[in-house]
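Single-structure report; data block below.
The values are calculated or read from the model by the stated rules, or taken from the named source; none is laboratory data. Only a predicted model underlies this, so the values are computations on that prediction, with no experimental measurement involved. Note that we place each Cβ from the backbone using ideal geometry, even for glycine, and neighbour counts take in every protein chain shown. For accessibility, only protein heavy atoms count, side chains too; no ligands or nucleic acids. Shrake-Rupley method; radii C 1.70, N 1.55, O 1.52, S 1.80 Å.
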Amino acid sequence: MDIFLLFISAIFVNNILLAQYLGNCPYLGCSKEKSVAIGMGAAVLFVIVLATVITFLIQKYIMNPFQLGYLQTIIFILVIAALVQFVEMFLKKMVPPLYKSLGIYLPLITTNCAVLGVAILVQRKEFDLWTSFLYSIAASLGFLLAIVLMAGIRERFVVTRLPRSMQGVPSGLVMAGIMSLAFLAFKGMIA
Amino acid sequence: MIAESVVTLFGLGFVSASILSVASRLLAVEEDPRIEVVTEALPGANCGGCGFAGCEAYATAVLNDPNVPPNRCCAGGPDVAKRVAELTGKAAGEVEPMVAFRRCVKVEGKVAHKYDYAGATTCAGAKLLDGGPDACRYSCIGFGDCVRACPFDAMWIEDHLVHISPAKCTSCGTCVRTCPNGILELIPRRARVMVFCSSKDKGKAVKDVCEAGCISCGACVKKCPAKAIAIEDNRIVIDHKACLAYGPSCEEICVTTCPRSILRCLQPETVSAPPETEPAHIPEETHVVDLNA
Ligand code: SF4
Ligand code: SF4
């Protein structure tokens with residue numbers, strides 16, 4: 001039951017994008033087409049889960065014993081950047097088709113604050129390894145859901161004529177705001 | 001405290017750096033340096049006219065796939081084809097310069113409005129509503145989806161009818177793929193004749209809605225000595241290759257035969273413009289059914 005609640009709250013109530021406003025750049029940049037959005041969402045899922053697990057282990061076995069908690073941000077950034085680089089090389093060699101479809105988004109993820117955000121959040125919430133793992137999956141599923149919904153809406157913009165000043169990012173930001181408001185309704189689900 | 005943090009940071013940095021450098025050796029992927037060279041030789045418009053996702057995708061394909069010819073880039077034209085052929089060592093082949101052409105003269109044909117459309121001002125949107133606001137379902141809707149799609153700024157709308165500047169058109173075909181009514185076509189720049197109508201309706205239905213549309217009577221098909229004209233789906237298809245190969249000795253008999261003057265000679269500069277003079281023999285009594293009435 002707890003796990004169920006964890007998933008529901010991470011996907012709908014505390015959606016990483018729409019309630020915590022992390023990772024907005026890929027959200028706006030890669031949500032023009034559904035296929036692209038799904039690719040980006042999958043890449044983020046992959047990296048968030050891996051990064052959360054590795055940073056968790058580093059925190060627990062290196063930083064905590066030496067009381068280096070104040071170095072958290074810089075160490076996590078370092079680890080995530082290196083990890084993304086490694087994943088990129090690995091995919092390029094081992095799974096070229098996947099690399100091709102994710103290729104351009106992978107380096108982008110290095111600077112995606114959602115990755116760092118989840119890694120830090122699980123520390124703040126003092127989850128254990130298993131819960132952190134599940135939470136990272138749930139949070140990135142929330143990201144995937146939001147970005148795919150957004151892409152679905154923005155695909156419709158093709159058949160509408162927007163005023164020039166609203167085309168592209170402005171309409172995207174307005175949409176993001178409205179969706180964020182809509183997701184507020186889920187707050188009532190878990191009292 | 002300071003010592004520990006410095007050691008940890010450097011240590012972690014060192015470990016990640018070594019893992020990455022080892023990985024970059026082990027996982028190195030050989031990339032063909034020629035891809036970059038060929039990509040540079042292409043115009044970089046990424047218009048997709050070659051049928052690949054973009055210029056780089058085409059460069060990769062042309063280098064690695066023996067079946068991909070070097071002359072697929074229409075935006076670049078013969079010069080680029082020659083350069084790509086040089087770089088890849090493939091035979092350049094003939095590039096027939098093409099141009100986009102609009103098969104519709106609804107203004108001349110006095111095509112009536114079926115209804116007043118007040119939705120999203122895009123052709124694709126308007127088409128969803130009973131095939132568009134024009135009485136002819138194959139006419140130019142005129143909201144300019146193609147104009148917005150054209151990466152080379154070669155089109156504009158006038159009188160709810162699209163116009164194409166042959167000088168600017170690179171024959172990338174983006175508009176052809178965009179137009180929801182399929183009334184745009186790529187034809188050779190040298191083409192002699194073309195049909196200014198794309199209706200797939202039967203003769204009677206065309207007559208009812210347009211004074212200029214093709215009624216598929218087939219007179220041109222019979223008269224053409226080069227057998228270059230055919231009717232498919234009630235729509236005229238011209239085999240420009242056969243037409244050009246036959247040469248001028250037919251004296252463009254199809255044009256003079258066509259009872260509705262809808263087959264016309266093309267001047268390269270005015271591929272899409274209607275002729276200066278009104279065609280003489282449009283039957284006066286033909287009237288347009290006004291569905292608004
Ligand atoms: S040619 Fe096609 S896309 Fe262009 S304005 Fe006419 S109907 Fe629309
Ligand atoms: S008019 Fe059509 S074919 Fe010509 S450049 Fe524009 S989109 Fe391409």
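Under 15 Å between alpha carbons, and skipping anything fewer than 8 positions from residue A:32 in its own chain: which aspartates and glutamates qualify?
Once the sequence-local aspartates and glutamates are set aside, what remains near residue A:32 is A:155.
If you wrap a convex hull around the C-alpha atoms of the protein assembly as shown and split its volume per residue, what is the figure in Å³? Spell out each step's value before the answer.
On the way: hull volume 94.6 nm³, N = 484.
It is 195 Å³ per residue.
Where does the charge balance sit around residue B:190 when Lys and Arg score +1, Asp and Glu -1, over other residues with C-beta under 11 Å from its C-beta? It would help to have the intermediate numbers written out before the result.
Values: positive: B:189, B:192, B:241; negative: B:96.
So the surrounding residues net to +2.
If you place +1 on the Cβ of every Lys and Arg and -1 on the Cβ of every Asp and Glu, how big does the dipole about the Cα centre of chain A come out, in debye to the nearest 20?
Working: 13 positive and 6 negative charges, 113 e Å.
The dipole of chain A has a size of about 540 debye.
Along the charge dipole of chain B, which of B:149, B:266, B:253 sits closest to the positive end, that is, farthest toward it, with unit charges on the beta carbon of Lys, Arg, Asp and Glu (+1, +1, -1, -1)?
B:253
Taking the Cβ of residue A:69 as the center, what net charge do the other residues with Cβ under 14 Å away carry, scoring Lys and Arg +1 and Asp and Glu -1?
Here the count lands on 0.
With label points built 7 Å along Cα→Cβ from the Cα atoms of residue B:25 and residue B:37, find their separation and express it in nm.
3.0 nm
For residue A:20 and residue B:233, what is the calculated FRET efficiency with R₀ set at 60 Å and r taken between the beta-carbons, to the nearest 0.05?
0.60
Run the reach check for residue A:34 against lysines, Cα to Cα strictly under 30 Å, same-chain hits fewer than 8 apart removed. What comes back?
Output for residue A:34: A:92, A:93, A:100, A:187, B:127.
Dipole of the protein assembly as shown (Lys/Arg Cβ +1, Asp/Glu Cβ -1, origin at the Cα centre): which of B:5, A:14, A:31 lies farthest to the positive side?
Selected residue: A:14.
From the backbone phi of the stretch B:29-35, what are the Karplus-calculated ³J(HN,Hα) couplings (6.51 cos²θ - 1.76 cosθ + 1.60, θ = phi - 60°) in whole Hz, Gly and Pro given as x?
3J(HN,Hα) across the stretch B:29-35, in whole Hz: 10, 5, 10, 6, x, 5, 4.
Could you work out the mean count of beta carbons from other protein chains within 10 Å of each residue's beta carbon in A:81-93? Working shown, then result.
On the way: counts 2, 8, 3, 0, 5, 6, 1, 2, 8, 3, 1, 4, 5.
Counting Cβ atoms of other protein chains within 10 Å of each residue's Cβ and averaging gives 4.
Could you sort the peptides A:130-136, B:104-110 by per-residue average Cβ neighbour count (10 Å cutoff), highest mean leading? List each step's numbers first, then the result.
Values: A:130-136: 19.0, B:104-110: 22.7.
Output ranking for A:130-136, B:104-110: B:104-110, A:130-136.
Would you mind pulling out the separation of the Cα centroids of the stretch B:119-190 and the stretch B:1-71, in Å?
If you average the Cα positions of each part, the centres end up 38 Å apart.
Using a simple spin-label model with points 7 Å from Cα along the Cα→Cβ vector, what separation in nm is obtained for residue B:202 and residue A:161?
3.7 nm
Among B:218, B:26, B:167, whose Cα projects farthest towards the positive end of the dipole of chain B, with charges put on the beta-carbon of Lys, Arg (+1) and Asp, Glu (-1)?
It is B:218, whose Cα lies furthest towards the positive end.
For the stretch A:44-191, what is the accessible area per residue in Å² when the probe is 1.4 Å?
Numbers: 7640 Å² over 148 residues.
Here the residues of the stretch A:44-191 average 52 Å² of exposed surface.
Using a cut-off of 14 Å between beta-carbons, work out the net charge of the residues near residue A:169 (Lys and Arg +1, Asp and Glu -1, residue A:169 not included). Could the numbers behind the result be given before it?
Details: positive: A:32, A:154, A:164; negative: none.
Here the charged neighbours net out to +3.
Would you work out what percent of the accessible area of chain B, with all protein chains in place, is carbon or sulfur (probe 1.4 Å)? List each step's numbers first, then the result.
Details: 8770 of 15310 Å².
The C+S portion of the solvent-accessible surface of chain B is 57 percent.
Which value, in debye to the nearest 20, gives the size of the charge dipole of the protein assembly as shown about its Cα centre, when Lys and Arg are +1 and Asp and Glu are -1 at the Cβ?
Numbers: 43 positive and 41 negative charges, 95 e Å.
My answer is approximately 460 debye.
Could I have the simple spin-label model distance between residue B:217 and residue A:33, label points 7 Å from Cα toward Cβ, reported in nm to one decimal?
Computed distance between label sites residue B:217 and residue A:33 equals 4.7 nm.
Suppose only helical runs count, i.e. DSSP H with n ≥ 4. What mean residue ellipticity at 222 nm does that imply for chain B under -39500 (n - 2.57) per run, divided by all residues and rounded to the nearest 500 deg cm²/dmol?
Values: 11 runs with 95 residues, N = 293.
It comes out at -9000 deg cm²/dmol, rounded to the nearest 500.
Considering every residue in A:54-64, what mean count of other chain Cβ atoms within 10 Å of its Cβ is obtained? All intermediate terms of the calculation are to be shown ahead of the outcome.
Details: counts 0, 0, 0, 0, 2, 0, 0, 0, 3, 3, 0.
Partner Cβ neighbours, averaged per residue: 1.
Give the separation of the Cα centroids, the stretch A:139-191 to the stretch B:194-235, in Å.
48 Å
With θ set to phi - 60°, apply the Karplus curve 6.51 cos²θ - 1.76 cosθ + 1.60 along the stretch A:27-32 and write out the HN-Hα couplings as whole Hz, x wherever there is a Gly or Pro.
In residue order, the calculated couplings are 4, 8, x, 10, 10, 8 Hz.
How many Å³ per residue does the convex hull of the Cα positions in the stretch A:29-148 occupy? If you can, show how the numbers build up before the last one.
Numbers: hull volume 11.6 nm³, N = 120.
For the stretch A:29-148, the hull spanned by Cα atoms encloses 97 Å³ per residue.
Only four residue types carry charge here, +1 at the Cβ of Lys and Arg and -1 at the Cβ of Asp and Glu. Report the dipole size of chain B about the Cα centre in Debye, rounded to the nearest 20. Please report the intermediate quantities before stating the final value.
On the way: 30 positive and 35 negative charges, 159 e Å.
With only Lys, Arg, Asp and Glu charged at Cβ, the dipole is about 760 debye.
Using the per-residue mean of other Cβ atoms lying within 10 Å as a proxy for protection, in what order, highest first, do the peptides A:64-75, A:85-96, B:196-207 fall?
Numbers: A:64-75: 14.1, A:85-96: 16.3, B:196-207: 19.2.
Packing order, densest peptide first, comes out as B:196-207, A:85-96, A:64-75.
Karplus couplings for the stretch B:166-178 from phi (6.51 cos²θ - 1.76 cosθ + 1.60, θ = phi - 60°), rounded to Hz, Gly and Pro as x?
x, 5, 8, 5, 9, 6, 6, x, 4, 5, 4, 6, 7
Setting aside same-chain residues fewer than 8 positions from residue A:125, which lysines have a Cα under 16 Å from its Cα?
The qualifying lysines are A:60.
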